[in-house]
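The values are calculated or read from the model by the stated rules, or taken from the named source; none is laboratory data. Nothing here was measured: the structure is a model prediction, and the numbers come from that model. When we count neighbours, we look across all protein chains shown, and the Cβ atoms used for this are built from the backbone with ideal geometry, even at glycine. These accessible areas exclude ligands, DNA and RNA; they are computed on the full protein's heavy atoms, side chains included. Shrake-Rupley method; radii C 1.70, N 1.55, O 1.52, S 1.80 Å.
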Amino acid sequence: MNVLWIIMIVAGIVTGIATGRTELLTDSMLKGAGEAVTLSISLIGSYMFFMGLMEVAGECGLVGALSRGFKPVLSRLFPSSPAAVAPITLNLAANFLGLGNAATPFGLEAMKELNDANRDKPKASDDMCMFIALNASAIELLPTQVIAIRNAAGAQDSSGLILPTFISSVIGFAVAALLCKAFAGRKKS
């Protein structure tokens, strides 16, 4: 991915120089850098609010209740890794609320638990593959990061994408789970 970014940056600079628009190129780079800083600062409040909300949910027992509620389903999806169900639940709950950054520590803990249960250490287990697929396609009820970005960019209806995001994420999650179950146990020849 870094190579792709470098190619795009170099191509933009070369094109700007070749067309004689170096002043426009410099102005655009400075304007873009300033907008990136402004956007980052405007997102801090949103991140802090939702990460605090997750902390409160954890302290009042909501996360534990969620973990117990999802245990029957997750135990079927991750049959050989029962110890990983709690961090997987926390990871999926954080993703459900649109807190991708808050989900990362839970995802790392879940992967550690899944690796501990893995019998064939050099290879990813079926449960590990399932977790990666479900984490990447997580159901998202509240796309907080996208809403915050749209709000910071001045969108008229920054939350108008909640229902389409939820529907598409449910479909993606179901397809990922079904494909992982369909290909589970198959060995490479």
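Here the chain exposes an accessible surface that is 68 percent carbon and sulfur, computed with a 1.4 Å probe and the other protein chains kept in place.
On the basis of the beta-carbon distance and an R0 of 35 Å, residue 161 and residue 5 show a calculated FRET efficiency of 0.85. As a ratio to 2.2 N^0.38 Å, the alpha-carbon radius of gyration computed for the range 82-189 takes the value 1.23. The charge dipole of the chain, taken about the Cα centre with unit charges on the Cβ atoms of Lys, Arg (+1) and Asp, Glu (-1), comes to about 800 debye, rounded to the nearest 20.
List the aspartates and glutamates whose Cα sits under 16 Å from the Cα of residue 71, skipping any in the same chain fewer than 8 residues away. Filter leaves 113, 127. Residues in the range 81-97 carry Karplus couplings, in order, of 9, x, 5, 8, 4, 5, x, 5, 4, 5, 4, 5, 5, 5, 5, 4, 8 Hz; the curve used is 6.51 cos²θ - 1.76 cosθ + 1.60 with θ = phi - 60°, and Gly or Pro positions show x. Averaged over its residues, the chain has an accessible area of 65 Å² per residue, based on protein heavy atoms and a 1.4 Å probe.
Extension gain for the segment residue 121 to residue 28, taken as residue separation times 0.36 nm less the Cα-Cα distance, is 28.6 nm to one decimal. 3J(HN,Hα) along the range 128-133: 5, 5, 4, 5, 4, 5 Hz, from the Karplus curve 6.51 cos²θ - 1.76 cosθ + 1.60 with θ = phi - 60°, whole Hz, x for Gly and Pro. Annotation for the range 93-189: trypsin sites (Lys or Arg not before Pro) lying in DSSP loop with at most 10 further Cβ atoms inside 10 Å of their Cβ are 119, 186, 187, 188.
Between the labelled values [x] 43, 42, 30; [y] 53, 35, 24; [z] 62, 48, 27, the entry that holds Cα extents along the principal axes in Å as derived from this structure is [z].
Scalar couplings 3J(HN,Hα) for the range 138-151, obtained by applying the Karplus form with A = 6.51, B = -1.76, C = 1.60 to θ = phi - 60°, are 4, 5, 10, 6, 10, x, 4, 5, 5, 4, 5, 5, 4, 5 Hz; x denotes Gly and Pro. Toward the positive end of the charge dipole of the range 1-139, with +1 on the Cβ of Lys and Arg and -1 on the Cβ of Asp and Glu, the farthest Cα among 16, 117, 33 is that of 117. Helical runs (DSSP H, four residues minimum) scored at -39500 (n - 2.57) apiece and divided by the length of the chain put the mean residue ellipticity at 222 nm at -25500 deg cm²/dmol.
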